[in-house]
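To start, the structure itself, in structure tokens.
The values are calculated or read from the model by the stated rules, or taken from the named source; none is laboratory data. Everything numeric here is computed off the predicted structure, so don't read it as measured data. Methodologically, a virtual Cβ is constructed for each residue, glycine included, from the backbone with ideal geometry; neighbour enumeration extends over all protein chains shown. Surface accessibility is based on the protein's heavy atoms, side chains included, excluding ligands, DNA and RNA. Shrake-Rupley method; radii C 1.70, N 1.55, O 1.52, S 1.80 Å.
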Amino acid sequence: MSAIDTLPPLREVIASHQLSARKSLGQNFLLDLNLTAKIARQAGTLSECDVLEIGPGPGGLTRGLLAEGARRVLAIEKDPRCLPALAEIAAAYPGRLEVINGDALEIDPLAHLRPPIRIAANLPYNVGTELLVRWLTPRDWPPFWQSLTLMFQREVAERIVAKPGTKAYGRLALLAQWRAEARIVMSLPPEAFTPPPKVSSAVVHLTALPEPRFPADAAILSRVVAAAFNQRRKMLRAALKGQAPDIEDRLISAGIKPTERAEQVSLEAFCALARELER
Ligand code: SAM
């Protein structure tokens, strides 16, 4: 019996369903149910929420989310080999786990979820970053989710929470921090996973803010930040030359020195520049 429920330990689940980890699907499993319960607790109070989990695999985090009281979990998993193991969890928590077999990048989960909604996932890094960017850039704000609790490579987690003047600061930090509160809430060594990946990981928790921190048009902000960081070593007057013929004046009006580099510019100043470019 495991620590959090009456289902078999995950090593047994993996052995009985022959779930050898596939590199092509970024499979590094979490088998310690105390650890998955701890990650689930970082997602906040779950009892009133539907939780969207991407990439449940053999179901370690899924079991954590259910044991922590999630009202319902919708789990989207690409690997059909995981479905029998997930069906056993669904049977142990009647009516609380729905599993969809498919690619999370192609499935719209909204029809299957009832607000309030939280998202939790331990995903391959490339899929995780792409989904994070999508979740942070919906057409309307506030988004459909209240919070995101996501495992990333440590280096990506640091890019999400980075502050100006650091190497990790860039588009991801600005995108995440403009309309969400982002914190690293856990660090995990490679040995926490089976098989262990090459690098350390971290869990990032993001809470959606009701309003952006500073007003700006999302498309203009995104365009100017992309241009600034595409040439992050250049002075802004050069990196942003294509944005407006009088870019130096607009930078000055936004309170930014034209000789500064993107890395030195705060979120507030980028938003001011986006407003200047909208005039
Ligand atoms: N959540 C499990 C855990 O913590 O042990 C598994 C984590 S493993 C890092 C990533 C999981 O995401 C795998 O089960 C993999 O099959 C699944 N996956 C990979 N790409 C996916 C995609 N595009 N859509 C849905 N699931 C995906």
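Could you estimate the translational diffusion coefficient of the chain from the Stokes-Einstein equation, with Rh from the Kirkwood formula over C-alpha pairs, at 10 °C and 1.306 mPa s, in whole µm²/s?
Once the numbers are plugged in, D ends up at 79 µm²/s.
Label residue 191 and residue 103 with points 7 Å out from Cα along Cα→Cβ: what is the distance between them in nm?
Placing both labels 7 Å along Cα→Cβ, they lie 3.7 nm apart.
If you look for lysine pairs in the chain that are eight or more places apart or on different chains, how many of them have Cα atoms under 29 Å apart?
Counting lysine pairs in the chain gives 17.
Tell me the Kirkwood radius of the stretch 65-196: reciprocal of the mean inverse pair distance over distinct alpha-carbon atoms, in Å.
Across the stretch 65-196, the inverse of the average 1/r is 16.5 Å.
When DSSP assigns beta bridges and you keep just the ones with both residues in the chain, what percent turn out antiparallel, to the nearest 5?
So the antiparallel bridges in the chain amount to around 45 percent.
Mind giving me the FRET efficiency for residue 246 and residue 266? R0 is 22 Å, r the Cβ-Cβ distance, nearest 0.05 is fine.
Calculated value: 0.50.
Rounded, prolate or oblate: which fits the stretch 236-279, taking a ≥ b ≥ c as square roots of the Cα gyration tensor eigenvalues, rounded meaning a/c under 1.5, else prolate when a/b beats b/c?
Oblate.
Which of rounded, prolate, oblate describes the stretch 120-246, given a ≥ b ≥ c as roots of the alpha-carbon gyration tensor eigenvalues and a/c under 1.5 marking rounded, otherwise prolate only if a/b is larger than b/c?
Oblate, since a/c reaches 1.5 and b/c is not below a/b.
Roll a 1.4 Å probe over the protein chains and send me the accessible area per residue for the chain in Å².
Counting only protein heavy atoms, the per-residue value for the chain is 47 Å².
Please give the contour-minus-distance gain from residue 21 to residue 91: 0.36 nm per residue of separation, less the Cα-Cα distance, rounded to one decimal in nm.
22.8 nm is the gain from fully extending residue 21 to residue 91.
Give me the distance in nm between label points sitting 7 Å out from Cα along the Cα-to-Cβ direction at residue 144 and residue 253, one decimal.
Distance between the two pseudo-spin positions: 3.8 nm.
Considering only protein heavy atoms and a probe of 1.4 Å, how much of the accessible area of the chain is carbon and sulfur, as a whole percent?
Reported share for carbon and sulfur atoms: 51 percent.
Compute the separation of the alpha-carbon centres of the stretch 200-264 and the stretch 115-158 and state it in Å as a whole number.
Comparing the Cα centres of the stretch 200-264 and the stretch 115-158, I get a distance of 21 Å.
What's the extension gain from residue 181 to residue 155 if we count 0.36 nm per residue and subtract their Cα-Cα distance?
So the extension gain works out to 7.5 nm.
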